[in-house]
Structures are given as C-alpha cells and as structure tokens.
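Everything below concerns the one structure shown next.
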Amino acid sequence: MKHLLKLSDLSEKEIIEILNLADQLKFEKKNGIEHHLLKGKTLGMIFEKSSTRTRVSFEVGMYDLGGSALFLSSKDLQIGRGEPVEDTARVLSRYLDGIMIRTFEQAEVENLAACGSIPIINGLTDYCHPCQVLADLMTIREHKGILKGLKLCYVGDGNNMANSLIVGGIKAGMTVSVACPEGYRPDADIMKWAAESGRFTCTDNVLEAADGADVLYTDVWASMGQEGEAEERKKIFKGYQINSSVMAVANQGAMVLHCLPAHREEEITAEVFEAHADEIFDEAENRLHAQKAVLVKCMK
Ligand code: CP
Ligand code: NVA
C-alpha cells in the first residue's frame, strides 16, 4: 500500500490487514513493548482545517514508531499564498518520508500523491475521512468481536463521514443504512456502488434506518467549512438525531459511535452520548492505533 487517499482504493483484505496490525500495535503499546518500525522517518502533517484528534494521534503515532512528525499549517506554508500543490509535493518529497494532509478538496490530496514521490495519507477532506473509519471499524470489531453481518446505521448529514462509513462498512461485510434528508445525501457514486452489494439503504426516515441496527453513528450537522450554514442546517437536520427513541428500535446492546467533536442535543442527545461514552472514547483512542498501522503499511 503506497498511499491512503480514500477507502475505495483498498481491498477488503487490505482493510482487515490494517485492523489486525492496529490491534497488535495497541496490545504492544499497552504492554510497554516498543515497536520502532519507522525509526528515523519523518511525517509532514499539512492542516488546512482545525484538528484535535488527527493532529495529536498522528504526532504521537510517529513518536511511538520511532520517527517524528512536523506540523505544517497551510496558513504558514507558501501553499497558502498560492504555491502550486504540484511544486509543494515535489519539494516536500525531498525532505520527508510521508505526508498526512487535511484539506477541502479531495483532488488536492490526489494531486499531491500524483506529483510527489512519497506516501500521502488523507487526514480528512470534504469527500471522505478514511483514517476515522479505520478506527471506527477497529472499535466495532473490538466491542462486537466481528464486523461481517452487523448492521451499521448512520444518521445525519451525508458528508465525508457518511461517504467513508458506507465504503468501509460495505467492504467489511456489514449492512449499512443511512438516514439523511433529501438534498443532503452521501455521494451519488458511492451510494450506487454500495447498492450493488445488496446491503445498502438510504432513507429520510431515521427510525426505519435504525431498526435492528448493531451500531449507530452520527456526525455534526455543519462540517468544517460550513460554519456559515450552521443555523439553516439546524432547521434542515432537526430530527436527524440519535436519542432514546432511536435507541429503542436498534438492537439490544447496540453501540453508539461519533467521530467527534459532538454537538450535544443536535445530532445526539447528551443522555445517549454519556451512556455510550466508553465506546466513543475508545473510538477516539483507536485513531492512534489504526493510524500507526496505516503509517507502517505506507511508510515502512
Ligand atoms: N474526528 C476527528 O477527525 O477529529 P479532529 O477534527 O479533532 O481531528
Ligand atoms: N464532518 C466533520 C467531521 C469532523 C471529524 C467535518 O468535516 O467537520
């Protein structure tokens, strides 16, 4: 595996191999076993959007692996003043061993990979968030023991999280249902691909989507870059919330996940969030372990 640009580039086998390595690295870290698999390597981390989890988990991950990470804010890079991504990629390829980038356009990430000569890892675009979903699958498997055959239900905006969850869930053998309002559905090509599996549905009815679910998932109604639409979106997404009525139609013992940050009483009630906080913060922790596995697969 050279890059991680989007989950659809990975085979089911590659996804499972990443999850297996992530489990192993988590076990080793918990037991104080060092694993300097990327000794002497440097990861550049370009951020054009805010981040808590992604930034800290990648930086700690590189440290754990015996390497180092460099935080590069696009505000400070010449890329922020218009230096072409093609030139930036070729320059950074001479200094670094890999780049993690969080930006708006998926095309920018793909372009960086095409023009540079080092591994590129997508740390979130408007289109997808593959690192998050690898951590999500790891967390589901950790709690449920399996992935195949489980029903994953996503409630809310058909955004980057929805797109990656559909691809990751279907590739991992799950059934995926999505509840999104008309006009705010996931990417049309992803939905078409998912429908071919016979294990995907999309509806505007939250209770219908959540019926019999083993895992319920939601994300903010207004993503980074959509701050100006936040008030309008509160009206559009009203009702697209994980709350006790939604939990009541899900399977007994259903998990609740959230990529975070969360807006309590918008996409999820504080009650449901707190009742499932252990799962949600395991999920956040697993960003570290899953990304370390990705770093090793791409950079070793
Ligand atoms: N879930 C996630 O990617 O969090 P950050 O925006 O804090 O990195
Ligand atoms: N959909 C959210 C995910 C944050 C991790 C966003 O893009 O802001």
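Return yes when T269 is hydroxyl-bearing (S, T, Y) and either within 16 Å of ligand 1 (Cβ to nearest atom) or open to solvent by 70 Å² or more (accessible area, probe 1.4 Å) (or both) and no when it is not.
Spelling it out, it is not the case that T269 is hydroxyl-bearing (S, T, Y) and either within 16 Å of ligand 1 (Cβ to nearest atom) or open to solvent by 70 Å² or more (accessible area, probe 1.4 Å) (or both).
How many residues does region 175-201 contain that are more than 19 Å from S223 (Cβ to Cβ), open to solvent by less than 50 Å² (accessible area, probe 1.4 Å) and either in contact (Cβ under 8 Å) with a residue 40 or more places away in the chain or not in a strand (DSSP E or B) (or both)?
Residues flagged as more than 19 Å from S223 (Cβ to Cβ), open to solvent by less than 50 Å² (accessible area, probe 1.4 Å) and either in contact (Cβ under 8 Å) with a residue 40 or more places away in the chain or not in a strand (DSSP E or B) (or both) within region 175-201 amount to 2.
With the requirement that a residue be touching a residue at least 60 places away in the same chain (Cβ under 8 Å) and either surrounded by 16 or more Cβ atoms within 10 Å (Cβ to Cβ) or in a helix (DSSP H, G or I) (or both), what does region 225-240 give you?
Of everything in region 225-240, those that are touching a residue at least 60 places away in the same chain (Cβ under 8 Å) and either surrounded by 16 or more Cβ atoms within 10 Å (Cβ to Cβ) or in a helix (DSSP H, G or I) (or both) turn out to be R233, F237, Y240.
Among what's in region 207-224 and is of a type in the set (G, A, S) and within 11 Å of ligand 2 (Cβ to nearest atom), pick the residue that is surrounded by the most Cβ atoms within 10 Å (Cβ to Cβ).
The residue in question is A222.
Which residue is farthest from ligand 1 (Cβ to nearest atom), if the candidates are limited to region 132-155 and must be open to solvent by 10 Å² or more (accessible area, probe 1.4 Å) and in a helix (DSSP H, G or I)?
Top of the filtered list is K144.
How many residues are open to solvent by less than 60 Å² (accessible area, probe 1.4 Å), in a loop (DSSP other than H, G, I, E, B) and either modelled with pLDDT of 95 or more or within 13 Å of ligand 1 (Cβ to nearest atom) (or both) if we restrict to region 42-91?
Total meeting the criteria: 6.
Can Y240 be described as more than 16 Å from ligand 1 (Cβ to nearest atom) and either in contact with a His (Cβ under 8 Å, 6 or more places away or on another chain) or among the hydroxyl-bearing types (S, T, Y) (or both)?
yes
Can you tell me which residue is nearest to ligand 2 (Cβ to nearest atom) among those in region 14-40 that are outside any helix (DSSP H, G or I) and open to solvent by less than 60 Å² (accessible area, probe 1.4 Å)?
Going through the qualifying residues, I end up with L38.
Test G158 against the criterion of being assigned to a loop (DSSP other than H, G, I, E, B), within 14 Å of ligand 2 (Cβ to nearest atom), in contact (Cβ under 8 Å) with a residue 24 or more places away in the chain and within 20 Å of V246 (Cα to Cα), and give yes or no.
yes
Could you check how many residues of region 1-13 are assigned to a helix (DSSP H, G or I) and in contact (Cβ under 8 Å) with a residue 40 or more places away in the chain?
Of the residues in region 1-13, 3 are assigned to a helix (DSSP H, G or I) and in contact (Cβ under 8 Å) with a residue 40 or more places away in the chain.
Could you tell me which of the residues F58, F104 is farther than 30 Å from E28 by Cα and in contact (Cβ under 8 Å) with a residue 24 or more places away in the chain?
Among F58, F104, only F104 is farther than 30 Å from E28 by Cα and in contact (Cβ under 8 Å) with a residue 24 or more places away in the chain.
The values are calculated or read from the model by the stated rules, or taken from the named source; none is laboratory data. Because the structure is a prediction, the values reported are computed rather than measured. Positions of Cβ are backbone-derived with ideal geometry, glycine not excepted, and every protein chain shown enters the neighbour counts. Heavy atoms of the whole protein, side chains included, go into the accessibility calculation; ligands, DNA and RNA do not. Shrake-Rupley method; radii C 1.70, N 1.55, O 1.52, S 1.80 Å.
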